[in-house]
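**Q** This structure is in structure tokens; I'll ask about it shortly.
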Amino acid sequence: MVQDNQKNSFHWADITADKIIREKGDKESYTVASGITPSGVVHFGNFREVITVDLVARALMQKGKKVRFIYSWDDYDTFRKVPMNMPKQDELKELLFQPIVDVFDPFGEYSSYAEHNEKVFEKDLPRVGIDYVEFIYQNKKYRAKTYNDEIIKVMDNKDIIADILQEFKTSQLDEDWAPLSTYCEKCNRDRISITNYDKKNKTISYKCELCGFEGVENLETSTRLKLPWRVDWPMRWAFENVDFEPGGRDHSSAGGSRDTASIIIKKVFNKEPPVYIPYDNIGIKGFNGKISSSKGNVITLKEILDVYEPEMVRWIFASYKPNASFDLAFDLDVLKNYEDFDRLERIVYGLENVNEDKRKNAMRIYQLSQLNPLGEIPEVMPFQPSFRHLCNILQINDFDIEKAKLYYQAQIKNQRDERRFNERAERAIFWIQNHAPEDFKFIINKEKRNDVELSDNEKNFIDALKLELQNNWDLYQTDKDLQNKISSLVNEFGLSVDIYKKLYLLLINREVGPKLAGFIKNIGKERILNLL
């Protein structure tokens, strides 16, 4: 019943997969690509491109196709700016304009600045089920002369490339412009001017604008050459035979870098561009400004996984079309996101009634949310501890996960349920301690408070409530039953709603808290009687 393999292609990932097959031919294997310059911490906005590629790759795999997912680290790009969140600022500034891969790791953990940013991200991807990526380090490719033939082809067609770029630019290219750069032989920086291209001997002459060095590089043997990104992008499409690669909104405007790259790959490399879809930016609720790794104000995939379960991270992206922007919540809407995910899960397992189209849509999104690439779903619905309720149980138990687990023990049926509980409990604790509003947090009083001012009538009410709980605790099977009794006693003693504030003060030293009846039951009979 649950393994409902979708034959209809109605999800955007399936539609894109069908387009790839239609435009690139019905092949056994397809190459999908993504990549970024590790100029700083790889943030959650960058992750949108990776998960977009992954979802399309899965749609292809679930149609029986093999997929090669390549991820390019553009670590041979120039180190142009020191992010504000990096230590050793002055030392890093001394290395500006050198290849990122040649900049030291200011944290002292890896061989380079680039590798530090790469490995942190690489370690987190398998946590969301993306563990089949082939990472390509562009510094190794360039320095191994892998692209030298392509570089010669670029330089031989530099006038064609200039015309393509000029067609979409408002300002004129310099007369000595060339679609190539090199790192200076003397100072290893790329602030150079190419003064001559000898097409016959395949050499360029250049002058370094920083140190004044004048040198010559042979395009067949040089290990210091680097194509500018507008040309590098289509060159690698052609070199790797890429069938699909998305791009950000800033690349997708008419006449933008994607358009020029598509023309360059056709006219210079005689190949067709990959299938393309644009993706939009992601906002973070409560986070000011655009996410930027170069500025250092970033939120990483790890920090999102501190709050959301891996399947939920995937679910969020599978639920939105790539060209739709959205905000990811760290505030109280975290509770709503967990509730929405749990509802989707109940729809999939037939525990909530919706029409057939909604059920199929929920099923497809849920399949794409699974960590296994084929989207296989457990036969039995995983345990769903309400995130809101779990937050209360954990706070009642002073964040002791094992003690909190005792409350749910009868509902935990298997290892999958155990994993769901532990993951959700860890994230609930992190969210409460780091992101929850102050009025959501509470600590159960350790001992009875004697400093809460109570009228005689209020004291009598407290005594009556305490006696009722002591004698009839087991009679109140539901929260509603207990709440009705509390309300009845409040009316019997002629009290106002202010008595609820005083009850909360006796329990948690605050005037507000979780819904009272359920809260009392969760605290437990012995502790409640001691506190009243």
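The values are calculated or read from the model by the stated rules, or taken from the named source; none is laboratory data. Every value quoted in this text rests on a predicted model; they were computed, and no experiment measured them. All Cβ positions, even for glycine, are placed from backbone atoms using ideal geometry, and neighbour counts span all protein chains on display. Surface areas here come from the heavy atoms of the whole protein model, side chains and all, with no ligands, DNA or RNA. Shrake-Rupley method; radii C 1.70, N 1.55, O 1.52, S 1.80 Å.
**Q** Is it the case that some residue within region 367-385 is more than 23 Å from the chain's Cα centre (by Cα), under 30 Å from Ile51 (Cα atoms) and among the aromatic types (Phe, Trp, Tyr)?
**A** yes
**Q** Still on this structure: Looking at Gly64, Gly45, Gly108, Gly129, which one is on the phi > 0 side of the Ramachandran plot and under 17 Å from the mean Cα position of the chain (by Cα)?
**A** Gly129
**Q** Taking only region 56-71 into account, find how many residues are assigned to a strand (DSSP E or B) and of a type in the set (A, V, I, L, M, F, W, C).
**A** The number of residues fulfilling the criteria is 3.
**Q** Sticking with this one: Those residues that are assigned to a loop (DSSP other than H, G, I, E, B), surrounded by 14 or more Cβ atoms within 10 Å (Cβ to Cβ) and among the aliphatic types (A, V, I, L, M), I need them from region 422-443; list them, please.
**A** The one that is assigned to a loop (DSSP other than H, G, I, E, B), surrounded by 14 or more Cβ atoms within 10 Å (Cβ to Cβ) and among the aliphatic types (A, V, I, L, M): Ala436.
**Q** For Val42, are the conditions met, namely being more than 25 Å from Ile316 (Cβ to Cβ) and among the β-branched types (Val, Ile, Thr)?
**A** no
**Q** Can you pull out every residue in region 448-478 that is open to solvent by less than 70 Å² (accessible area, probe 1.4 Å), touching a residue at least 40 places away in the same chain (Cβ under 8 Å) and not in a helix (DSSP H, G or I)?
**A** Those that are open to solvent by less than 70 Å² (accessible area, probe 1.4 Å), touching a residue at least 40 places away in the same chain (Cβ under 8 Å) and not in a helix (DSSP H, G or I): Arg449, Val452, Leu454, Tyr476.
**Q** Out of all the residues in region 356-391, which are among the polar types (S, T, N, Q) and out of contact with any helix residue (DSSP H, G or I) (no Cβ under 8 Å at 6 or more places or on another chain)?
**A** Asn361, Gln367, Asn372
**Q** Can you tell me which residues in region 191-243 are free of Cβ contacts under 8 Å to residues at least 24 places away in the same chain, open to solvent by 50 Å² or more (accessible area, probe 1.4 Å) and under 41 Å from the mean Cα position of the chain (by Cα)?
**A** Selection gives Glu209 alone.
**Q** Does region 347-380 hold any residues that are at pLDDT 95 or above, open to solvent by less than 40 Å² (accessible area, probe 1.4 Å) and of a type outside the set (Val, Ile, Thr), and which are they?
**A** Tyr349, Ala362, Met363, Arg364, Tyr366, Gln367, Leu368, Ser369, Gln370
**Q** Taking the options Arg419, Arg388, name whichever one is under 30 Å from Met61 (Cβ atoms) and either assigned to a loop (DSSP other than H, G, I, E, B) or open to solvent by 10 Å² or more (accessible area, probe 1.4 Å) (or both).
**A** Arg419
**Q** Scan region 392-416 residue by residue and report those that are in a loop (DSSP other than H, G, I, E, B) and open to solvent by less than 30 Å² (accessible area, probe 1.4 Å).
**A** Within region 392-416, just Ile412 meets the criteria.
**Q** Which numbered condition in (1) aliphatic (A, V, I, L, M); (2) farther than 21 Å from His251 by Cβ; (3) out of contact with any helix residue (DSSP H, G or I) (no Cβ under 9 Å at 6 or more places or on another chain) is the only one that Val53 fails?
**A** Result: Val53 fails condition (2) only.
**Q** Out of all the residues in region 173-183, is one or more assigned to a strand (DSSP E or B) and surrounded by 15 or more Cβ atoms within 10 Å (Cβ to Cβ)?
**A** Yes; the residues of region 173-183 include at least one that is assigned to a strand (DSSP E or B) and surrounded by 15 or more Cβ atoms within 10 Å (Cβ to Cβ).
**Q** Specify which of the listed residues (Val53, Val42) is part of a helix (DSSP H, G or I), among the hydrophobic types (A, V, I, L, M, F, W, C) and touching an Asp or Glu at 6+ places or on another chain (Cβ under 9 Å).
**A** Val53
**Q** Yes or no: region 64-74 includes at least one residue that is surrounded by fewer than 22 Cβ atoms within 10 Å (Cβ to Cβ), modelled with pLDDT under 95 and touching a Ser or Thr at 6+ places or on another chain (Cβ under 6 Å).
**A** Within region 64-74, none of the residues are surrounded by fewer than 22 Cβ atoms within 10 Å (Cβ to Cβ), modelled with pLDDT under 95 and touching a Ser or Thr at 6+ places or on another chain (Cβ under 6 Å).
**Q** If you check Phe269, Phe330, which single one turns out to be hydrophobic (A, V, I, L, M, F, W, C) and modelled with pLDDT of 95 or more?
**A** Result: Phe269 is the single residue among Phe269, Phe330 that is hydrophobic (A, V, I, L, M, F, W, C) and modelled with pLDDT of 95 or more.
**Q** Only one of these conditions is not met by Arg424: (1) over 26 Å from the mean Cα position of the chain (by Cα); (2) under 30 Å from Lys321 (Cα atoms). Which number is it?
**A** The failed condition is (1).
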